[in-house]
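Below you'll find the structure, written out as structure tokens, and then a few comments.
The values are calculated or read from the model by the stated rules, or taken from the named source; none is laboratory data. Note that the structure is predicted; figures quoted are calculated from it, not measured. All Cβ positions, glycine included, derive from the backbone under ideal geometry; neighbour counts span all protein chains shown.
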DNA sequence: GTTGAAAGCAGGAGGGT
DNA sequence: ACCCTCCTGCTTTCAAC
């Protein structure tokens, strides 16, 4: 799919404010509302935009602990690991990656004791390495045209 | 802030569909539209909901490579690392964490060559460990009441 | 919390370039 | 293919309760 300036502008606006109305979007890209709606629908149907989500602050919800748990899952145990650990509600991200620690989990917890319990579960499927998150400096940074067009390395 | 069943239901709905209209939300929680709007505004002002975002698929945008780069940044170099690496457009997440690898970056790239270039930049500030993402099994899983109320470990 | 009216928005039809 | 304007029906918002 080919994206022009307007599509990129729309992607940028919607990544920053997913609830912006089509009328407002239309103003920002200097098009009529129907034309704007049409473009957004095309982005959705092309699978470029896969959805919209409210961004929630775990801290404010009583989840002060955030951690990255790396798990070196034994390959035979992978199905059970996926069923019994990856599915746990504390797991916000789970990626299968290359390297020794083949799974990377981002976890939120109410307390260190709960994190301890989580890690104990994960340990059943392989060795773990846990890092506590001090601070998140970037979260879900919008993807901009410069990344895709490679204006980054000049 | 105290959240009741309705607030949790709204949080759940909005985390899954950030563009759901207030009238639709109202139907789902069996309240009037103004009452529903009022509750969502309260969640926003309390900082529980920090925003709304379109979810975009990097693959469809010509960014087939996703990687986790761990960087053991020398403490004296941290300010420059934050300025010159964390700010790069390829960086979607950046967390400062405990442990030897004190920074964790989630990066998207057009090619392995570009990733190589990125890692070379990061290397200037400390040793790096790079893992390529095979597949993401969970991304930004909604935070539900069970996590916060701890129904998970019974 | 509710209702109800006014203003604003979304989505279709039809037409122009 | 792409965009426009107009029109209808929803959605949002505000006031009054």
Which listed residue, of A:17, A:57, is within 16 Å of DNA strand C (Cβ to nearest atom) and closer than 30 Å to residue A:134 by Cβ:
A:17
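Go through the range A:130-147 and count every residue that is outside any loop (DSSP other than H, G, I, E, B), within 7 Å of chain B (Cβ to nearest Cβ) and in contact (Cβ under 8 Å) with a residue 60 or more places away in the chain. First the steps, then the outcome.
If we filter the range A:130-147 for residues that are outside any loop (DSSP other than H, G, I, E, B), which is where we start, we get A:130-138, A:145-147.
The next check asks that each one be within 7 Å of chain B (Cβ to nearest Cβ); those that pass are A:131-138, A:146-147.
If we keep only those that are in contact (Cβ under 8 Å) with a residue 60 or more places away in the chain as well, we get A:131-133, A:136.
The total comes to 4.
Yes/no matrix, rows are residues, columns are (1) closer than 20 Å to residue A:14 by Cβ; (2) at pLDDT below 95; (3) touching a strand residue (DSSP E or B) at 6+ places or on another chain (Cβ under 7 Å):
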{"site": "B:9", "(1), (2), (3)": "no, no, no"}
{"site": "B:27", "(1), (2), (3)": "no, no, no"}
{"site": "B:45", "(1), (2), (3)": "no, no, no"}
{"site": "B:53", "(1), (2), (3)": "yes, no, yes"}
{"site": "B:61", "(1), (2), (3)": "yes, no, no"}
{"site": "B:76", "(1), (2), (3)": "no, no, no"}
{"site": "B:83", "(1), (2), (3)": "no, no, no"}
{"site": "B:92", "(1), (2), (3)": "yes, no, yes"}
{"site": "B:105", "(1), (2), (3)": "no, no, yes"}
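For residue B:90, are the conditions met, namely being away from DNA strand D (no atom under 16 Å from the Cβ), facing another protein chain (nearest Cβ under 7 Å), surrounded by 15 or more Cβ atoms within 10 Å (Cβ to Cβ) and within 22 Å of residue B:148 (Cβ to Cβ)? Don't jump to the end; show me each part of the working.
Numbers: away from DNA strand D (no atom under 16 Å from the Cβ): yes; facing another protein chain (nearest Cβ under 7 Å): yes; surrounded by 15 or more Cβ atoms within 10 Å (Cβ to Cβ): yes; within 22 Å of residue B:148 (Cβ to Cβ): no.
Against the criterion (away from DNA strand D (no atom under 16 Å from the Cβ), facing another protein chain (nearest Cβ under 7 Å), surrounded by 15 or more Cβ atoms within 10 Å (Cβ to Cβ) and within 22 Å of residue B:148 (Cβ to Cβ)), residue B:90 does not qualify.
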Residues of the range B:11-25 being more than 9 Å from DNA strand D (Cβ to nearest atom) and touching a strand residue (DSSP E or B) at 6+ places or on another chain (Cβ under 8 Å), which ones?
B:11, B:14, B:15, B:16, B:17, B:18
For the range A:1-74, give me every one of the helices (runs of 4 or more DSSP H) that falls completely inside it and has 1 or more residues that are out of contact with any helix residue (DSSP H, G or I) (no Cβ under 9 Å at 6 or more places or on another chain) and within 11 Å of another protein chain (Cβ to nearest Cβ).
A:5-16, A:33-45
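Each row is one residue, and each column tells you yes or no for (1) in the same structural domain as residue A:116 (by TED's automatic domain parsing); (2) more than 12 Å from DNA strand D (Cβ to nearest atom); (3) farther than 20 Å from residue A:149 by Cα.
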| position | (1), (2), (3) |
| --- | --- |
| A:27 | no, no, yes |
| A:41 | no, no, yes |
| A:49 | no, yes, no |
| A:66 | yes, yes, yes |
| A:70 | yes, yes, yes |
| A:76 | yes, yes, yes |
Filter result (under 15 Å from the mean Cα position of the chain (by Cα), in a strand (DSSP E or B) and either in contact (Cβ under 8 Å) with a residue 24 or more places away in the chain or under 17 Å from residue B:142 (Cβ atoms) (or both)) within the range A:89-129:
A:91, A:92, A:93, A:94, A:104, A:105, A:106, A:107, A:108
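Condition check: more than 7 Å from chain B (Cβ to nearest Cβ), surrounded by fewer than 21 Cβ atoms within 10 Å (Cβ to Cβ) and either within 13 Å of DNA strand C (Cβ to nearest atom) or free of Cβ contacts under 8 Å to residues at least 40 places away in the same chain (or both). Does residue A:80 satisfy that?
On the way: more than 7 Å from chain B (Cβ to nearest Cβ): yes; surrounded by fewer than 21 Cβ atoms within 10 Å (Cβ to Cβ): yes; either within 13 Å of DNA strand C (Cβ to nearest atom) or free of Cβ contacts under 8 Å to residues at least 40 places away in the same chain (or both): no.
No; evaluated as a whole, the condition is false for this residue.
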